[in-house]
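Peer 1: The structure follows.
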Amino acid sequence: MTLPRKREDTVRLFERGDHYTAHGEDAIYIAQQVYRTSSVLKQLGKKSAPLQSVTLSITLAREFLRESLTSKQLRIEIWIPEGGKKSATNFVLSKQASPGNLQAVESLLVSHDSDMDATVAPIVLAIRVSTADGMRTVGTASADASIRTIGIAQFAETDLISNLESLIVQMGVKGCIIQAEGKTVDYDRTKLHQVLERCGVVITERKPAEFSTKDTEQDIGRLLKGDEPPVGLSAFDLRVAMSASAALIRYLDLMRDASNFGHFTST
């Protein structure tokens, strides 16, 4: 089967029941990073155009995921056999994860005899930049999926985007969500990219429609615990921050899992 192209910072794993496999450049990378030797590589397919392949046990796959999603700042895709049959030749995408969004693979990151340690802090920050009448405003929404917290902030920004940079460093953000195109002027987009790259975070660009605030107040209200005030109410007046919140909720797909309802706290 032919899979869609992937980003350069993405590694694909294929679930095979009691182990995982990787192929092509991903197999070579895993051989170098996990096994430290190319002797583990197998050649599949035609001799004239062999496909490199490597096998990972579940234990090694878990260790690889933890390393890749934290210190290596990579994205992960896990594909499973179509229809759940081991003999299937077609695969479908089952899980996706990035340094700021580990929810899909949390069960793989935690072993039976230990908890997810402090190196796995899945903090993701959605950012919305708005400029009006010469004033630049940044709205942010953050989430730590491991302890189910949501934070919302809005503040005036300098030409150097220095306030946002300080916030990212202080929070230890792993990944940022920004708008792919739209109202943000070119200078802001260029400067924002420079700041995020300097901070070493993984950048995810999303369509402008995902920053739409329709139903955002209602969604936040459903996510927060019953005794939690709706983000202090005043946060709902921070329109730029609410736009960032909308993108964050959609990116993490929080509303699809009913177990999230009533379990988040605001910070």
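The values are calculated or read from the model by the stated rules, or taken from the named source; none is laboratory data. Remember, it's a predicted structure, so these values are computed and weren't measured experimentally. Note that each Cβ is placed from the backbone with ideal geometry, even for glycine, and that neighbours are counted across all protein chains shown.
Peer 1: With respect to the numbered conditions (1) within 20 Å of Leu252 (Cα to Cα); (2) modelled with pLDDT of 85 or more; (3) of a type outside the set (Asp, Glu); (4) out of contact with any strand residue (DSSP E or B) (no Cβ under 7 Å at 6 or more places or on another chain), which one is the sole condition not fulfilled by Ser162?
Peer 2: (1)
Peer 1: What's the number of the condition Gly17 fails, among (1) of a type outside the set (Lys, Arg); (2) touching a residue at least 24 places away in the same chain (Cβ under 8 Å); (3) outside any loop (DSSP other than H, G, I, E, B)?
Peer 2: (3)
Peer 1: Does Ile168 satisfy the condition of being within 19 Å of the chain's Cα centre (by Cα) and without any contact (Cβ under 8 Å) to a residue 60 or more places away in the chain? Talk me through it step by step, then tell me what you get.
Peer 2: Values: within 19 Å of the chain's Cα centre (by Cα): yes; without any contact (Cβ under 8 Å) to a residue 60 or more places away in the chain: yes.
Taking the combined requirement at face value, the residue satisfies it.
Peer 1: For the list (1) exposed (fewer than 14 other Cβ atoms within 10 Å of the Cβ); (2) under 16 Å from Leu13 (Cα atoms); (3) within 26 Å of the chain's Cα centre (by Cα), I need the number of the one condition that Ser71 fails.
Peer 2: Just one mismatch for Ser71, condition (2).
Peer 1: Could you grab me the full set of residues in the range 218-239 that are in contact with a helix residue (DSSP H, G or I) (Cβ under 7 Å, 6 or more places away or on another chain) and either closer than 23 Å to Ile168 by Cα or modelled with pLDDT of 90 or more (or both)? Write out each step before concluding.
Peer 2: Taking the range 218-239 first, the residues in contact with a helix residue (DSSP H, G or I) (Cβ under 7 Å, 6 or more places away or on another chain) are 219-220, 223, 230-231, 235-236.
Within the range 218-239, Asp219, Ile220, Val231, Ala235, Phe236 qualify.
Peer 1: Let me ask you something else. Restricting attention to the range 27-46, and to residues there that are without any contact (Cβ under 8 Å) to a residue 24 or more places away in the chain and part of a helix (DSSP H, G or I), which single residue is surrounded by the fewest Cβ atoms within 10 Å (Cβ to Cβ)?
Peer 2: Ser39
Peer 1: Inspect all residues belonging to the range 152-161 and state whether any of them is under 19 Å from the mean Cα position of the chain (by Cα) and surrounded by 15 or more Cβ atoms within 10 Å (Cβ to Cβ).
Peer 2: Residues of the range 152-161 under 19 Å from the mean Cα position of the chain (by Cα): 152.
When the remaining residues are screened for being surrounded by 15 or more Cβ atoms within 10 Å (Cβ to Cβ), the result is 152.
Yes: the range 152-161 contains one or more residues that are under 19 Å from the mean Cα position of the chain (by Cα) and surrounded by 15 or more Cβ atoms within 10 Å (Cβ to Cβ).
Peer 1: For the range 57-79, which residues satisfy the criterion of being part of a strand (DSSP E or B) and either among the basic types (Lys, Arg) or within 25 Å of Val202 (Cα to Cα) (or both)?
Peer 2: Arg75, Ile76, Glu77, Ile78, Trp79
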